[in-house]
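The values are calculated or read from the model by the stated rules, or taken from the named source; none is laboratory data. In this text the structure is predicted, and so the values were computed from the model without any measurement. Here Cβ is always computed from backbone atoms with ideal geometry, including for glycine, and neighbour counts include all displayed protein chains. When the accessible area is computed, the model is the full protein with side chains, heavy atoms only, and any ligands, DNA or RNA have been set aside. Shrake-Rupley method; radii C 1.70, N 1.55, O 1.52, S 1.80 Å.
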Amino acid sequence: MKANANEIKFFKNRSIIKFEGADFLGEIGIDGRVFKALTLARISVGVISQQAVENGLSILVHEDDSEKAVTCLIEEFAPERKSGKVSQIYSINNVSVIGFVADDLNKILSELARNNVFPLLLNQNSSEKRINIVVTSSQDEKTKNIIESEIFKKPKTVHLAIIGHGNVGKTLIEQVLHSSEEIKRRKNIHLKVVAVANSRKIAFNKKGFDNTWSDEVFAAEKSSNVDELINFSKENQLENLIVVDNTASVDFVKNYQALAENGFDLVSSNKIFNTLPIEEYRKLRYTLNKNNKRYLYETNVGAGLPLIDTIKLLHLSGENITRIKGVFSGTLSYVFNNFSLRDDKFSTIVNEALEKGFTEPDPREDLSGNDVARKLLILARELDLINEFSDINIQNLVPEALLSVSKQEFLSRLEELDEEYDKIKKNQEPNHVLRYVGDLHGDLQKEKGELDVKLISVPATSALGQLKGSDSIFEIYTESYGENPIVIMGAGAGAKVTARGVFGDILRLSETK
Ligand SMILES: NC(=O)C1=CN([C@@H]2O[C@H](COP(=O)(O)OP(=O)(O)OC[C@H]3O[C@@H](n4cnc5c(N)ncnc54)[C@H](O)[C@@H]3O)[C@@H](O)[C@H]2O)C=CC1
Ligand SMILES: N[C@@H](CC=O)C(=O)O
């Protein structure tokens, strides 16, 4: 029988009466006495479920009748309670019942489970495919929405919380708002941005933000706090939750665990989590598995380039990756591509990269080599290597004296780097250019690989030497491909390409939700 729009029934304010006993198997007349007692008390009975294994009965009644139902059963079964045959009679209040007809109950149950909804009661009339499920009232609207979108093929609503609305986050929100109608039409997915946060405050809009989102964030009064986000998602019973971390924050990643435990899938352009000590890295993966949640971070390396997925697939399919090297930083690509060819000062070009939105919030993260080192470590861990950040040999381009000053002071003293880099440029062999490279090598079948991050001088005619703009290049050497690496090249930084990559991760999660 086909599902039909008229067949969803929704009743709030119900209670489950639980009747539990030690061993009723083979006992005749118990059920009859239960129903007779309830009938004499003029209590109307709804969904009934019999738990053969635990030897119990669950009966749905209106919540106004719940106390009376428990009392009349306690009276009826006084002797059995005394002998211990009936162990417990009690009620679970604040539940709702949803009745529907579905062709594929398993699909619905798995969608509900993915959203942390586990029915308290379920009964099914197999010939009619009619199902009644009982859930706690704090999840009833969410349950109804999920069932409706499954059986009536209504657009599936995916609720997005965007954390960080700087270069990448702001562009992402604009891209989502711009494409949401098209995605609804083509994919039957309704993307709603319901929360936007920065380091100070968080704004919510249950209906979904529109183009005035930044005014709403400006006017928001709630302080930026993940508990606010979790409470908001619960109070509003939001299904299909994704949190998107577009910060570079060391603090925000500490919330991933709690978010996964509270029903959120995760997407991140922030690289910090994947470079934490391996124990913490593994702990989140364990929590994700346990809670049936996913974490995607394609933009962690190579911005919008399809790098992590490619490496994951190669590795998963058994291909032996023997080395990965290249220019991993869009910022340092831009800086050295331009500095090598132009007569401008090093500081001028670094400032340009900053203005173009290629750098990390603090550009010293790029110039110190930390950002490239993180990317290298993320790739190493995709290959199941257990390297730590401290294993990486990093050539830091920031002078010691500027490492611990404020970002503003660093930027105002940037010209102090000019003389040094001018010298390095001039000391190269003829027709050579500077490139800042990452190299993962060694025996990658062992527990750990060798990770080097350094500034080198290469012939201008080489593959690295011909790099342009802010392009990154990744050479992936594998056993099957021999000496000719798989090469992935393209914009390695920039708000638009990165936001597009984050958007891709959101869609990937939404489609499998
Ligand atoms: N710019 C690029 O080309 C690429 C950037 N990324 C990554 O994207 C992330 C964001 O970069 P941008 O947008 O350029 O940075 P940004 O500095 O422009 O924006 C960062 C945003 O995060 C917010 N924020 C910081 N700490 C927070 C916290 N604890 N809680 C809530 N919000 C917080 C800030 O208020 C700001 O809105 C970084 O992790 C970066 O590594 C990744 C690939 C490419
Ligand atoms: N600052 C980074 C941004 C992308 O990860 C870079 O320049 O590559």
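Below are the figures for this structure:
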{"read-out": "Matching residues in region 237-283 - criterion: being closer than 23 Å to R508 by Cβ, charged (D, E, K, R) and more than 16 Å from ligand 2 (Cβ to nearest atom)", "value": "E239, E261, D265, R282"}
{"read-out": "Selected residue (criterion: surrounded by the fewest Cβ atoms within 10 Å (Cβ to Cβ)) from residues of region 292-334 that are without any contact (Cβ under 8 Å) to a residue 60 or more places away in the chain and over 25 Å from Q445 (Cβ atoms)", "value": "Y295"}
{"read-out": "Flag for E382 being in contact with a helix residue (DSSP H, G or I) (Cβ under 7 Å, 6 or more places away or on another chain), acidic (D, E), under 28 Å from T310 (Cβ atoms) and open to solvent by 40 Å² or more (accessible area, probe 1.4 Å)", "value": "no"}
{"read-out": "Matching helices (runs of 4 or more DSSP H) fully within region 56-150 where at least 2 residues are in contact with an Asp or Glu (Cβ under 9 Å, 6 or more places away or on another chain)", "value": "105-114"}
{"read-out": "Residues of region 433-445 satisfying the condition of being without any contact (Cβ under 8 Å) to a residue 60 or more places away in the chain and open to solvent by 40 Å² or more (accessible area, probe 1.4 Å)", "value": "D443"}
{"read-out": "Number of positions in region 290-320 that are within 16 Å of ligand 2 (Cβ to nearest atom) and part of a loop (DSSP other than H, G, I, E, B)", "value": "8"}
{"read-out": "Number of the condition not met by H178 [criteria: (1) open to solvent by 50 Å² or more (accessible area, probe 1.4 Å); (2) touching a residue at least 24 places away in the same chain (Cβ under 8 Å); (3) closer than 26 Å to F264 by Cβ]", "value": "(2)"}
{"read-out": "Residues satisfying the stated conditions in region 276-335, i.e. of a type in the set (K, R) and within 22 Å of N484 (Cβ to Cβ)", "value": "K312, R323, K325"}
{"read-out": "Qualifying residues in region 492-501 (those that are assigned to a helix (DSSP H, G or I) and closer than 21 Å to L376 by Cβ) - the one most open to solvent (accessible area, probe 1.4 Å)", "value": "V497"}
{"read-out": "Residue list for region 155-185, restricted to those being under 19 Å from L241 (Cβ atoms) and of a type in the set (A, V, I, L, M)", "value": "V158, L160, A161, I162, I163, L172, I173, V176, L177, I183"}
{"read-out": "Per-region count, region 32-62, residues among the polar types (S, T, N, Q), at pLDDT below 85 and open to solvent by less than 70 Å² (accessible area, probe 1.4 Å)", "value": "3"}
{"read-out": "Single match in N132, N145, N116 (criterion: surrounded by 17 or more Cβ atoms within 10 Å (Cβ to Cβ), in contact (Cβ under 8 Å) with a residue 60 or more places away in the chain, within 14 Å of N240 (Cβ to Cβ) and touching a strand residue (DSSP E or B) at 6+ places or on another chain (Cβ under 8 Å))", "value": "N145"}
{"read-out": "Lone unmet requirement of (1) more than 13 Å from ligand 1 (Cβ to nearest atom); (2) open to solvent by less than 30 Å² (accessible area, probe 1.4 Å); (3) touching a helix residue (DSSP H, G or I) at 6+ places or on another chain (Cβ under 7 Å) for G208", "value": "(3)"}
{"read-out": "Unmet criterion (only one of (1) assigned to a loop (DSSP other than H, G, I, E, B); (2) free of Cβ contacts under 8 Å to residues at least 60 places away in the same chain; (3) surrounded by 15 or more Cβ atoms within 10 Å (Cβ to Cβ); (4) not hydrophobic (A, V, I, L, M, F, W, C)) for G469", "value": "(2)"}
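Yes or no, residue by residue, for (1) within 24 Å of G164 (Cα to Cα); (2) assigned to a strand (DSSP E or B):
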{"position": "T322", "(1), (2)": "no, yes"}
{"position": "N337", "(1), (2)": "no, no"}
{"position": "V350", "(1), (2)": "yes, no"}
{"position": "P361", "(1), (2)": "yes, no"}
{"position": "I378", "(1), (2)": "yes, no"}
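Yes or no, residue by residue, for (1) in contact with a helix residue (DSSP H, G or I) (Cβ under 6 Å, 6 or more places away or on another chain); (2) free of Cβ contacts under 8 Å to residues at least 12 places away in the same chain; (3) under 12 Å from Y436 (Cα atoms); (4) not acidic (D, E):
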| position | (1), (2), (3), (4) |
| --- | --- |
| G449 | yes, no, no, yes |
| D452 | no, no, yes, no |
| L455 | no, no, yes, yes |
| P459 | no, no, no, yes |
| G465 | no, no, yes, yes |
| F474 | no, no, no, yes |
| Y477 | no, no, no, yes |
| Y481 | no, yes, no, yes |
| A491 | yes, no, no, yes |
